[in-house]
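Worksheet: one structure, shown below.
Readers should treat all values here as calculations from the given coordinates under stated rules, not as data from a laboratory. All figures in this text were calculated on a predicted structure; none of them were measured in a lab. FYI the Cβ positions are ideal-geometry reconstructions off the backbone, even for glycines, and counts take in every protein chain you see.
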Amino acid sequence: MSGCRIRIWIGALLLLIAGTAAGEAATPADTYQAIEAVNAQLAAFHDANGTMPAVDPQAPPLTERLPRHVLQKAREVLLKIQAVRQLNGLPLQPVPEIAVREVQPDDVKFFVEKMLLGLKDLRPIFGNPPVAKMTRPSREMGPTDNFAALRRAELQVDGLGLPATSPNDVMRIALSIVNDLELVRSSLGVTAPVPPPPVIPARRPVDTYDNAIGLLVDIKVLTESNPNLVIPMGVVLPERRNGTIKPAHVMDLLGTVLAEISAIKAKTGVTIPTVLAPPQTGMTPSDVHSAVSHARALVASLPGARVGGTPDGIRKVYEPAAVRKDGTTNRVYTVEDFAKPDAKMVRRHVISQTEHAVVTGWHVLPGQGLEPHRHPEGQDTWVVLAGEADYLMGGGKSRKIKTGDIAIATTGQVHGARNTGTSPFIFVSTVTPADAGVEPGEN
């Protein structure tokens, strides 16, 4: 491909993603197409370089994400693209701040356009490789699709020779969270000082990860308990990651925390964007753990926060979804509030989660299903509330289950479902214990 044709391709691509028409707002589908243009460019770099994207075989299933999570992930990918530029001797480009407001697809697309501009200068370094032609998505796209596409882009960028994420990198995000929480406290008139806790030696990334989970739960409880802090669509709790926890996994989780705090800032009238803390040196997982504990203490100082939360949070798992201000939990739930249909994919809706069990509601439309899987360290019990399905039992075996049936998969037993009927298949699943783990299974 000649240099002239490359310039024409880049220019046309940027015009394509600039908007569907003058004055029209971007849609999630427009944003998705722009992100896939980034992925196509990165894939071309790998083809030319003889390299492969990084892999994340233990990534947990992706829970539903909102535009604010997509925007935060877009900023993370853009920062990594700048790191690749620096690695290849190119100057850093300014990374825009994230405005404090309800996020729209245009906000995300703006960051994606910056990604493409950042990659443009890298093309000659990789030999100006040809780029696969882009096509319009064949189905309607949403924020979760865009988040997944950005995850793919992040792994592609990681595979271009970036050093592994270090505690120094994670500390920048943790300190940024602390700074944003101080802004929220100030806007609410909370002035009592909250000093950082001492650094406890020998903390591991998994300890910090669990502490960050505790921070996210604290924020969820806060926003559900204080009507003045309710944020659009509520706080999202990602699936907990199993296996070896690395600093990059802690950083990813703290990105979700930043997105939720940004929504709280908008709710409380804070207009100052998140300021990324300066580069850190000499940080350890223990330092990051202490910063996350500081953030949890700041949340605990806000009106509506739960009393008696565990600042340490070691090995903490998600708490039940409905927690009242007095710290007690609901004991009766309406299934329709949790088991919601989705024509695009079957979604897992958490009703309650403690260290002892995870209770989820499922709404499986005709033609949909749950892939065969097993829990290597626990049991999964299904109670069918409506409809019927083929219950997959491994080894090519299956049987019909219907309203009123109870299906039990003990430790390591394969189970899944296919709704081959004409009405929704609705059931409640209880996995015990909560850290039973999950692995793919064959039927």
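Summary table
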| read-out | value |
| --- | --- |
| Difference of contour (0.36 nm per residue) and Cα-Cα distance, Thr27 to Lys400 | 130.2 nm |
| Alpha-carbon Rg with Dmax, taken over the range 351-408, Å | 12.3, 34 |
| GNM flexibility winner over the chain from Pro341, Pro279, Pro433 (Cα, springs under 10 Å) | Pro279 |
| Hull volume in cubic angstrom per residue (convex hull over the Cα atoms of the range 65-124) | 69 |
| Leading residue at positive end of dipole, the chain (Cβ point charges), from Ser138, Ala305, Leu276 | Ser138 |
| Assigned charges on the beta-carbon of Lys, Arg, Asp, Glu; the chain dipole about Cα centre (debye) | 420 |
| Candidates Gln368, Gln72, Gln280: whichever shows maximal mean-square fluctuation once the chain is modelled as a Gaussian network with Cα springs under 10 Å | Gln280 |
| Phi-based couplings in Hz for the range 236-248 (Karplus 6.51, -1.76, 1.60; Gly and Pro marked x) | 8, 9, x, 4, 6, 7, 9, x, 5, 9, 10, x, 4 |
| Full-stretch length increase - Thr354, Ala40 - with 0.36 nm per residue and alpha-carbon distance subtracted | 108.9 nm |
| Distance from the range 339-407 to the range 235-290 (C-alpha centre basis), Å | 32 |
| Length-normalised contact order of the chain in % [C-alpha pairs under 8 Å, at least 6 apart] | 15 |
| Around Gly369: net Lys/Arg minus Asp/Glu count, Cβ-Cβ under 12 Å | -1 |
| GNM top mover of Lys267, Lys397, Lys246 - the chain, alpha-carbon springs below 10 Å | Lys397 |
| Karplus 3J(HN,Hα) series, Hz, for the range 93-99 with 6.51 cos²θ - 1.76 cosθ + 1.60 (x for Gly, Pro) | 9, x, 9, x, 6, 8, 5 |
| The range 361-443: translational diffusion in µm²/s, Stokes-Einstein, Kirkwood Rh over Cα pairs, 4 °C, 1.567 mPa s | 104 |
| For the range 354-443, size of Cβ-based charge dipole, Lys and Arg +1, Asp and Glu -1, in debye | 400 |
| Vicinal HN-Hα couplings computed from phi for the range 64-80 (Karplus, 6.51 cos²θ - 1.76 cosθ + 1.60; Hz; Gly/Pro x) | 4, 10, 10, x, 5, 6, 5, 5, 5, 5, 4, 5, 5, 5, 4, 4, 5 |
| Near-label residues of the range 149-185 by backbone N, under 19 Å of a point 7 Å along Cα→Cβ of Val55 | 151-162, 164-165 |
| Cα-based Rg and Dmax for the range 224-309, where Dmax is the largest Cα-Cα distance (Å) | 14.6, 41 |
| Other-chain or far-sequence residues with amide H under 5 Å of Thr403's (modelled H) | Gly387 |
| Entries of Lys73/Lys265; Lys344/Lys402; Lys114/Lys246; Lys73/Lys246; Lys73/Lys340; Lys340/Lys397 with Cα pairs more than 20 Å apart | Lys344/Lys402; Lys114/Lys246; Lys73/Lys340; Lys340/Lys397 |
| Calculated on alpha-carbon atoms, Rg and Dmax of the range 46-192 in Å | 17.4, 59 |
| Gyration tensor verdict on the range 134-234 (Cα atoms; rounded if a/c is under 1.5, prolate if a/b is larger than b/c, oblate otherwise) | oblate |
| Residue among Val332, Pro440, Ile401 farthest towards the positive dipole end of the chain, charges placed on Cβ | Pro440 |
| Segment Met345-Ile125, extension gain: residue separation times 0.36 nm, minus the distance between their alpha carbons | 75.2 nm |
| Shape call, the range 230-271: gyration tensor on alpha carbons, a/c limit 1.5 | oblate |
| Cα-based convex hull, the range 15-112, per residue volume (Å³, whole number) | 138 |
| Orientation-averaged projected area, Cα convex hull of the chain (nm²) | 23.2 |
| Farthest positive-ward along the chain dipole, Cα basis, beta-carbon charges - from Phe425, Leu78, Ile177 | Leu78 |
| Separation of the Asp106 and Leu90 label points, Cα + 7 Å toward Cβ, nm | 2.7 |
